[in-house]
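Before any comments, here is the structure.
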Amino acid sequence: MSVRRVTAAIVALAAVGMVRIVWLHFASEPAHEPRRMPIDQHYQALRSLVHGAEAGYVSDLPAAVRLGEDPATRGTRMYLQAQFALAPLVLRYDDARAPLVIAGVVVYTLALRLFGGSVSFGEMLGYLPVIFFGAAMPGPMHSVAILFWVLLFPDRPGQMTAFGFVMHNFFIIFNAGVGLLFLRRATREVFGRA
């Protein structure tokens, strides 16, 4: 087989694949998928009130979030409409952990003062989503989050590097400790024995 024939075969397979994708998404799916209700415009007003990358979603109408639950309920439609209207914000269903976020803001603000930084609680509330985004990025030892501290406070690079390293490692060790406290209970609930 020549290089020209192999190239032609690859191009032909790619063209067939692209035609299949176009057919599937523009002809087959629209003809067979049920029509979705338009997103309620009331949710658009929430966009200006909700800041950050994630928010809790609590409702008295249950939403189907697990396999086997009925996805046609009114609560599920409302949850999905809010999720689509507020995208790229991630809604965490049944998550009312705002006190923990406020506690994190207080801890970070007070700890930053130990390393020579001085910000208000409101400023820290704006900084933490950026830091948590950096902590979620792949890399060794939350290096992106530590870099963000240095970028946010460029006049103190040494102190901010140390602060980022200490804080992120503290939370890793703290979370591991909490996990160890509940390890026996979790093992018993998952496997039925201790």
Rounded FRET efficiency, nearest 0.05, which uses the C-beta distance separating Ala72 from Trp23 and R0 of 25 Å: 0.35
Among 126-139, 166-179, 15-28, how do they line up by average Cβ neighbours within 10 Å per residue, starting with the highest? 126-139, 166-179, 15-28
Under Karplus coefficients 6.51, -1.76 and 1.60, residue-wise ³J(HN,Hα) of region 23-32 in Hz, glycine/proline x: 4, 4, 7, 9, 10, 6, 4, x, 6, 10
Using a ≥ b ≥ c from the Cα gyration tensor of region 122-184 (square roots of the eigenvalues), is it rounded, prolate or oblate, where a/c under 1.5 gives rounded and otherwise the larger of a/b and b/c decides, a/b for prolate? prolate
Separation in nanometres of the label points that stand 7 Å from Cα toward Cβ, at Ser120 and Ala136: 2.7
Counting Lys and Arg as +1 and Asp and Glu as -1, each charge on the Cβ, what is the dipole of region 98-191 about the Cα centre in debye, to the nearest 20? 320
Under 15 Å from a label point 7 Å along Cα→Cβ of Val107: give me every residue in region 164-185 with its amide N that close. 164-181
With θ set to phi - 60°, apply the Karplus curve 6.51 cos²θ - 1.76 cosθ + 1.60 along region 75-84 and write out the HN-Hα couplings as whole Hz, x wherever there is a Gly or Pro. x, 5, 4, 5, 4, 5, 5, 5, 4, 5
Could you check the spin-label model distance between Thr187 and Leu147? Points 7 Å from the Cα along Cα→Cβ, value in nm. 4.0
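No lab work stands behind these numbers, since they all come straight from the coordinates. Just so it is clear, the structure is predicted and the values come from calculations on it, not from any experiment. Backbone-built Cβ (ideal geometry, glycine too); neighbour counts: all protein chains shown.
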